[in-house]
Amino acid sequence: MKTMRPFTLTSLAALTALLLCAGTCTAEPAATLSDAVEPHAILSAMERVADWQLANPSTHAATDWTQGVGDTGMMALAGISGDRKYRDAMVKMGEDNSWKLGPYTYFADDQTVGQTYEELYMQLRQPKMLAALRAQFDFILANPHEGNLVHVPKADRWTWCDALFMAPPAWLRLHALTGDKRYLDFAVNNWWRTSDYLYDKDEHLFYRDNTFFDKREANGQKVFWSRGNGWVMAGLVRVLQYLPVDHPERARFERQFKDMATRLVGLQQADGLWHASLLDPASFPLKETSGSSLNAYAFAWGVNQGLLDRATFEPSVRKAWSALIASVQADGKLTHVQPIGHDPKSFDEGATEVYGVGGFLLAGSEIYRMAATSGVKPQIVVVANPANLQRIDEVVEVAFDAAAAPARSYAPVVMDAMTSRILDTQLFEGKLLFQVNLLPHETRRYLLLPAQQLAAVPPPDVKTAARFVPERLDDFAWENDRIAHRIYGPAILKDPKQTVSSGVDVWVKSVRYPIADKWYKARNYHVDHGEGLDNYDVGTTRGCGGISIVDGKTMYNSSVFKNWKLLASGPLRASFELSYDSWDAGKRKVSETRRITLDAGSNFSRVDSVFSSSKATPLQVGIGIAQRKGEGRLLQDESGAALSYWEPEMPPNGSIACAVLVPTEAWSGYGAGDGSYFAFGKAVPGKSFLYFLGAGWSKSGDFPTAESWEAYVRNFSLSLKFPLAVTVENGKRD
């Protein structure tokens, strides 16, 4: 393996400073520059600054834009840090805010905090995180404020350039989460309305607002503020992160980004920063870190994306980071942040603000990636969605030969190529697993990096679990962040009070974290205490996805499983095998080995069953769903070979839904008997018979109606027909 070239600053930054000065100024002494910029140093600096901010909270209102910007930086840090406390702090912030935006409905500043709510929702999928935000954005769409921007109150429209950081990224993230194109269109249209109003196409810079159109600096130049243009540059980054790559306006956004970057790189000062006034820096000699952080963030992101020329912009990034680090005190306080409303010509050099910290952390996250990929060529994993449906938290697989990669020198880490967030992964049977979210026909890229390139790996969210439960009659239980199940084991045969069944039980849940161990320990899971409950009656039915062998009109069921084998228990996939002793299936003896696999983010478990039979002829297999008394809703979708049943409501516990899918090549029809509905399929002894079983709950927040559940079942069926395309582009491990 090649030795990684250190991302050093001592000589390069000093040389860069001299080149930028072109002999007309004196570069800062090298002693004031960082000794080196490598992942550990960058992350350490970011955590020190974040820790100081957490220990010294801002007094601004919790939903104020200042806090919202700080929150975006905390989320960027949480995406690369090995310490969960930064994300935990953001979750607490959301809880304290009841997940609400600021007080003014149309005010861009009051929408800033929504970016963090959305990014938390992307990871944790708690519906409450989006509810108020989406309701407010829907109200704005239903009651739009149209017309030009002249003489419009700031709280009414995006009439000042800072707004382009505050609001559009929140609208783009909501589009990515929901697939609702209205949010995308609103953001794009209003961005260009503001740009047409405030962007100087000759200077490639933004006026702060219309009050600056006719103002001039002491040197006669137009007035363009560093931080204002930094807001726009960072806003462009955060829009482009979630603007579909095939969107007709993407090229226009990228052009504005490049034009502004080209103008701004030439305005960077010898000290590595951008002074408050871009075109008259001599009149504003004070160091200013907030606008400089935003520019550094945008430049680093542009280099990482290949949008900006590395030879031109990487030295600028390094120089800026060195100056920013020099503005961090030993205790982690970031200084030289121009306060709100203060004269940019004279403010306390020790001044700090939470929005300055946010910009610093954003910059650090992209500079961290720049350092982590220095000297290596990451593999690029391209995931494409060929279907006209949204893929939410879908697990993808990349072939990975762990045996060929020495443990000390290589471990797989997946980084989102657009946002630089490190994703949760799992190695399973020669494959690297991670989750993706894709809009219809969208393609996204991910970087595969050696873990040794990074300073830390964020702890994963464990979203799946499976285990043998000897303390409860040898159950075998499995669950993920959506649903839970169990199958009964050998000990139940010894208890005459228990109904013996090989049916599949359902535990419904309204939380995204594992609950099985907690419920088993409490032994009080038949009542909903705020997390869900077990109120699904299997009895002698097939439950939700149990198997019967059908001979004529008679159903033959196995007893409980005899042996088990755990294959994986998270964080993204749970998998195990159960074996069933032979049983009488009419005119033959049958035994079964069943592998069940449940991925995070899915309500469906995959079941691969291999039957042994005393006869070689195919078996008729029935996959059952328990029938209930009352008004339920049965769906038999022959186009997708799906059978779905929405049970009658059971107040106060809502309705449980169950569905089974048999791939069309094996599917052979529907029927009913022995208290269950059935989807039938043909199984060849000795070969895998594949089907899927899934369940949902009306009180989970995911499926409030039968129609919403059936739409989910149809989309899942389509996802099987149109699997994600996963390719690995040229790239190698050095």
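The values are calculated or read from the model by the stated rules, or taken from the named source; none is laboratory data. Only a predicted model underlies this, so the values are computations on that prediction, with no experimental measurement involved. Cβ placement follows ideal geometry from the backbone for every residue including glycine, while neighbour counts extend to all protein chains displayed. The area values use the complete protein model at the heavy-atom level, side chains included, leaving out ligands, DNA and RNA. Shrake-Rupley method; radii C 1.70, N 1.55, O 1.52, S 1.80 Å.
Before moving on, here are some points about what is shown:
- 30 Å Cα-Cα reach of residue 345 towards lysines, excluding residues that sit fewer than 8 places from it in its own chain: 154, 201, 215, 222, 258, 287, 319, 333
- Taking amide H as placed 1.01 Å from N in the peptide plane, the amide H of residue 642 sits under 5 Å from that of 637, each at least 5 places away or on another chain.
- Paramagnetic reach from residue 556 (point 7 Å along Cα→Cβ, amide N under 20 Å) across the stretch 585-601: 585-594
- Near the amide H of residue 581, within less than 5 Å, lie the amide hydrogens of 562, all on another chain or at least 5 residues away, with H placed in the peptide plane.
- Normalised Debye scattering of the stretch 488-639 at q = 0.20, 0.21 Å⁻¹ gives log10 I(q)/I(0) of -1.56, -1.62, counting only Cα atoms as equal scatterers and leaving out solvent.
- R0 of 60 Å, Cβ-Cβ distance residue 140-residue 687: FRET efficiency to nearest 0.05: 0.60
- Amide H contacts under 5 Å for residue 669: 680, restricted to partners 5 or more places along the chain or on a different chain, H placed in the peptide plane at 1.01 Å from N.
- If the Kirkwood radius is taken over C-alpha pairs of the stretch 508-556, then at 20 °C and 1.002 mPa s the Stokes-Einstein diffusion coefficient equals 163 µm²/s.
- Here the stretch 60-200 has an Rg and Dmax of 14.9, 48 Å, counting Cα atoms alone.
- Rounded to the nearest 10 Å², the accessible area of residue 486 at probe 1.4 Å: 10 Å²
- For the stretch 467-563, the carbon plus sulfur part of the accessible surface works out to 51%, probe radius 1.4 Å.
- FRET efficiency, 1/(1 + (r/R0)^6) with R0 41 Å, evaluated for residue 471 and residue 155 via beta carbons: 0.10
- For the stretch 576-657, the Rg and Dmax computed from alpha carbons only, in angstrom: 16.7, 49
- By definition, a body whose alpha carbon gyration tensor gives a ≥ b ≥ c is oblate when a/c is 1.5 or more and a/b is not larger than b/c, and the stretch 198-332 fits this oblate description.
- For the cross-link pairs 629/682; 589/687; 494/589; 518/562; 128/518; 589/682, the ones whose C-alpha atoms lie over 20 Å apart are 629/682; 494/589; 518/562; 128/518.
- Where trypsin sites (Lys or Arg not before Pro) fall in DSSP loop in the stretch 179-220, at most 15 other Cβ within 10 Å: 201, 215
- Compared with the direct C-alpha span, the chain from residue 707 to residue 210 gains 173.9 nm at full extension, assuming 0.36 nm per residue.
- Rounded percent of accessible protein surface that carbon and sulfur make up, the stretch 196-296, 1.4 Å probe: 48 percent
- Derived scalar couplings ³J(HN,Hα) [the stretch 323-336; Karplus, 6.51 cos²θ - 1.76 cosθ + 1.60; whole Hz; x for Gly, Pro]: 5, 5, 4, 5, 9, 9, 6, 4, 7, x, 6, 7, 10, 6
- Rounded to the nearest 0.05, the FRET efficiency derived from the C-beta distance between residue 347 and residue 725 at R0 = 60 Å is 0.65.
- Here is how the number arises for the chain: DSSP H runs of 4 or more residues each give -39500 (n - 2.57), the sum is divided by the residue count, and the result at 222 nm is -9500 deg cm²/dmol.
- Overall, the ratio between the Cα radius of gyration of the chain and 2.2 N^0.38 Å, rounded to two decimals, is 1.08.
- Our coupling estimate for the stretch 391-396, obtained by passing each phi through the Karplus curve with A = 6.51, B = -1.76, C = 1.60 and θ = phi - 60°, is 9, 10, 6, 7, 7, 10 Hz, Gly and Pro reported as x.
- Cα-based Kirkwood hydrodynamic radius, the stretch 618-734, one decimal, Å: 15.8 Å
- Helix 85-96 vs. the chain, principal-axis angle (Cα, 0 to 90°, nearest 10): 80 degrees
- Per residue, the accessible area of the chain comes to 38 Å², computed with a 1.4 Å probe over protein heavy atoms only.
- HN-Hα J in Hz across the stretch 136-148 - Karplus 6.51, -1.76, 1.60, θ = phi - 60°, x for Gly and Pro: 5, 5, 5, 5, 4, 5, 6, 9, x, 9, 9, x, 6
- A 1.4 Å probe over all protein chains sorts 415, 93 by accessible area into 93, 415, starting with the largest.
- Rounded to 10°, Cα long-axis angle of helix 10-21 versus longest principal axis of the chain: 50 degrees
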